[in-house]
Amino acid sequence: MNPVSSVVRGVGHHVPSKIVTNMDLSRLMDTSDEWIIERTGIRERRFVEEGTTTSDLAVPAVRMACARAGVEPQDCDMIIAATLSPDYFFPGIGTVLQNKLGMKNVPALDIRAQCSGLVYGLATADAYLRAGLAKRILLVCSEVQSPILDKTNRGRDMAVLFGDGAGALVIEAQSCPEGQRPTGKNTSRGVIDSLMGSDGSGAQLLFLKAPGSTTVGFMTQQSLDSGDIHPKMDGRVVFKNAVTRMLEAASTVLERNGLQPSDIDLVLPHQANLRINEAVREKLGISEDKVFNNIQKYGNTTAATIPICMSEAHEQGKIKEGQLVMTLAFGAGFTWGCNLIRW
Ligand code: COA
């Protein structure tokens, strides 16, 4: 029997229409357009209107991915959903989306790998498809983060970074031509390799404490007063770890597949800070035109950054069949990872 590979058949995205500029934020807290652009590259981000949920935002992204793949959500036999900002504390958005999209009673798996959600999700989808446990998987990454940010001076280091958005992929098991799995050296399409890493010693360096079981009472008035309901970060330590781990992941995947950085046609990195991506790009020795960034428009949409980049790169004709594409992520946990794909 021919081996199968996991081919991305369709990718879509959706962002809210409300644009929030750096200038808008400077009216709420002590910050400036210059500071934000210089330190992060971000010019604006999108925030949902009150009442829009993470699963709401995901639905149009899924519809776009399915239309591009020429399938309906009901044609998928598994859903994998990644978010740090679910509709409810539980259940996750996987089951909520199964219902909203009118899908069959398929397995709905939620992934909690924060900014590495797409990389972990694609690695997991690939494993299920190659094991023959699914034939067509819907991978959804969606975040509504604007309501959890502390938009006062106290939270300004985090509040200027994040935005809302969603991305989705339809991934299919495809029989490999001439029995050849994609290797990076041949023309077979699909996911070639994935790397996932974690270091939980960094858990409290980028986290949201409450609600959670480390808080006696799970969530209390004290959680509200102290700001524990907002995300917190040690920005400098996170920055350094992001550069180191993304570089390490890319180098490991390139080396174990016998590839040079110059063999990669397009890198789709997580969008946390333009300076992080620039440092990684320079250290890898990849030219600027081979790295896709859109943090300027959307800020950090956590799990959704990479699929939004993928969808926009597809629309702009920057990602073409036959190309070698690399995703690269780092996020809270800490988690990090990389996928290598023959598009
Ligand atoms: N506007 C204006 N000033 C701000 C500010 C804001 N929004 N946020 C922080 N500052 C101030 C700080 O208070 C500090 O002031 P001080 O020097 O008087 O103490 C100064 O700016 C410098 O802060 P610092 O944290 O050293 O800045 P930085 O150059 O490290 O940039 C980040 C801050 C957050 C942009 C950067 O650390 C970063 O991008 N970290 C990683 C982000 C990331 O990857 N996050 C998610 C991973 S998935």
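The values are calculated or read from the model by the stated rules, or taken from the named source; none is laboratory data. Computed from a prediction, not measured in an experiment: that's the story for all the values here. All Cβ positions, glycine included, derive from the backbone under ideal geometry; neighbour counts span all protein chains shown. The area values use the complete protein model at the heavy-atom level, side chains included, leaving out ligands, DNA and RNA. Shrake-Rupley method; radii C 1.70, N 1.55, O 1.52, S 1.80 Å.
Looking at E321, E255, which is the one that is touching a Lys or Arg at 6+ places or on another chain (Cβ under 8 Å) and either surrounded by fewer than 16 Cβ atoms within 10 Å (Cβ to Cβ) or not in a loop (DSSP other than H, G, I, E, B) (or both)?
Going through E321, E255 in turn, the sole match is E321.
For the stretch 164-175, does any single residue satisfy the condition of being over 26 Å from E321 (Cα atoms) and open to solvent by 10 Å² or more (accessible area, probe 1.4 Å)?
If we filter the stretch 164-175 for residues that are over 26 Å from E321 (Cα atoms), which is where we start, we get 164.
Pick out the ones that are also open to solvent by 10 Å² or more (accessible area, probe 1.4 Å) and you get none.
For the stretch 164-175, residues over 26 Å from E321 (Cα atoms) and open to solvent by 10 Å² or more (accessible area, probe 1.4 Å): absent.
Determine which member of the set G227, G179, G184 is over 19 Å from the mean Cα position of the chain (by Cα), touching a residue at least 24 places away in the same chain (Cβ under 8 Å), over 30 Å from G70 (Cβ atoms) and open to solvent by less than 40 Å² (accessible area, probe 1.4 Å).
G227 is the lone residue from the list that is over 19 Å from the mean Cα position of the chain (by Cα), touching a residue at least 24 places away in the same chain (Cβ under 8 Å), over 30 Å from G70 (Cβ atoms) and open to solvent by less than 40 Å² (accessible area, probe 1.4 Å).
Looking at (1) within 24 Å of Y120 (Cα to Cα); (2) away from the ligand (no atom under 16 Å from the Cβ); (3) open to solvent by 10 Å² or more (accessible area, probe 1.4 Å), can you tell me which one S213 breaks?
The single condition S213 does not satisfy is (1).
Yes or no: I36 touching a Pro at 6+ places or on another chain (Cβ under 8 Å) and touching a residue at least 60 places away in the same chain (Cβ under 8 Å)? Let's see the steps before the verdict.
Values: touching a Pro at 6+ places or on another chain (Cβ under 8 Å): no; touching a residue at least 60 places away in the same chain (Cβ under 8 Å): yes.
The answer is no for I36.
G102 is checked against (1) part of a loop (DSSP other than H, G, I, E, B); (2) small (G, A, S); (3) closer than 17 Å to A272 by Cα and fails just one. What number does that condition carry?
(3)
Could you tell me which residue of the stretch 79-119 is most open to solvent (accessible area, probe 1.4 Å), considering only residues that are more than 27 Å from L340 (Cβ to Cβ) and hydroxyl-bearing (S, T, Y)?
Y88
Which of the residues that make up the stretch 187-208 are over 27 Å from G258 (Cα atoms) and open to solvent by less than 60 Å² (accessible area, probe 1.4 Å)? Break it down into steps so the answer makes sense when it comes.
Step one: of the stretch 187-208, the residues over 27 Å from G258 (Cα atoms) are 200-208.
Within the stretch 187-208, G200, G202, A203, L205, L206 meet the criteria.
Do you know which of the residues in the stretch 2-30 that are in a loop (DSSP other than H, G, I, E, B) and open to solvent by 30 Å² or more (accessible area, probe 1.4 Å) is farthest from the ligand (Cβ to nearest atom)?
Step by step, filter the stretch 2-30, then rank; the result is N2.
Only one of these conditions is not met by K232: (1) under 25 Å from E38 (Cα atoms); (2) touching a Phe, Trp or Tyr at 6+ places or on another chain (Cβ under 7 Å); (3) open to solvent by less than 30 Å² (accessible area, probe 1.4 Å); (4) not β-branched (V, I, T). Which number is it?
Failing condition for K232: (3).
Scan the stretch 258-276 for residues that are within 16 Å of the ligand (Cβ to nearest atom) and either charged (D, E, K, R) or open to solvent by 50 Å² or more (accessible area, probe 1.4 Å) (or both) and jot them down.
R275
Return the residues of the stretch 42-55 that are within 14 Å of M158 (Cα to Cα) and not charged (D, E, K, R); say none if nothing qualifies.
I42
Taking interchain pairs and intrachain pairs at least six residues apart, which have beta carbon atoms under 7 angstrom, with the first residue in the stretch 147-158 and at pLDDT 95 or above and the second open to solvent by less than 60 Å² (accessible area, probe 1.4 Å) and polar (S, T, N, Q)?
Going by the 7 Å Cβ cut-off, the qualifying pairs are I148/S85; R156/T31.
Mind listing just one residue for me: the one in the stretch 31-63 that is small (G, A, S) and either in a helix (DSSP H, G or I) or closer than 30 Å to M103 by Cβ (or both) and, of those, farthest from the chain's Cα centre (by Cα)?
The residue in question is G51.
Every residue in the stretch 31-54 that is open to solvent by 40 Å² or more (accessible area, probe 1.4 Å) and on the phi > 0 side of the Ramachandran plot, please.
Matches in the stretch 31-54: G51 only.
Go over the candidates T95, T124 one by one and state the one that is among the hydroxyl-bearing types (S, T, Y), part of a helix (DSSP H, G or I) and free of Cβ contacts under 8 Å to residues at least 40 places away in the same chain.
Testing whether each residue is among the hydroxyl-bearing types (S, T, Y), part of a helix (DSSP H, G or I) and free of Cβ contacts under 8 Å to residues at least 40 places away in the same chain leaves just T95.
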